[in-house]
């Protein structure tokens, strides 16, 4: 017999994910970039149910109040919601939140443009799954230790 051995049933079951999350947790995370005063922010969602709204809202906190600055429709292939905001003021940090329906929200900070810095240090984390079937049970202490040194 040649080739890789078949996966055990236990390992196969570890690849199944329950994507039916509480409806106030349907927004997984958001990523953004700012370039030439254009903010591009994409929210990643869990799959929405039939009949659930497909519109997301982007708000920023200004003077202690939340203000809606953009709306977008969910792209069901991949369950993403891309926002684009032109004339973005990148001279300061902004608190933001992405909203879906009346329950789900995700909050974060869009940092100011670090034009005053001579050096910017970036750490990228990719492919670091928490699922045992994808190596999530392997220690990442070496990564943590190295980042703390930066």
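The values are calculated or read from the model by the stated rules, or taken from the named source; none is laboratory data. Computed from a predicted model, the values in this text were never measured in an experiment. Note that we place each Cβ from the backbone using ideal geometry, even for glycine, and neighbour counts take in every protein chain shown.
Would a scan of the range 79-93 turn up a residue that is under 19 Å from the mean Cα position of the chain (by Cα), surrounded by fewer than 17 Cβ atoms within 10 Å (Cβ to Cβ) and under 14 Å from residue 109 (Cα atoms)? Among the residues of the range 79-93, at least one is under 19 Å from the mean Cα position of the chain (by Cα), surrounded by fewer than 17 Cβ atoms within 10 Å (Cβ to Cβ) and under 14 Å from residue 109 (Cα atoms), which makes the answer yes.
Tell me yes or no: at least one residue of the range 112-124 is in a loop (DSSP other than H, G, I, E, B), in contact (Cβ under 8 Å) with a residue 12 or more places away in the chain and at positive phi. No: the range 112-124 contains no residue that is in a loop (DSSP other than H, G, I, E, B), in contact (Cβ under 8 Å) with a residue 12 or more places away in the chain and at positive phi.
Among what's in the range 21-56 and is loosely packed, with under 10 Cβ neighbours inside 10 Å and under 27 Å from residue 134 (Cβ atoms), pick the residue that is modelled with the highest pLDDT.
Per the stated criteria, the residue is 49.
Every residue, every condition in (1) more than 27 Å from residue 148 (Cα to Cα); (2) in contact with a helix residue (DSSP H, G or I) (Cβ under 9 Å, 6 or more places away or on another chain); (3) touching a residue at least 40 places away in the same chain (Cβ under 8 Å); (4) not in a loop (DSSP other than H, G, I, E, B), yes or no:
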| residue | (1), (2), (3), (4) |
| --- | --- |
| 52 | yes, yes, yes, no |
| 77 | yes, no, no, no |
| 89 | yes, no, yes, no |
| 107 | no, no, no, yes |
| 129 | no, no, no, no |
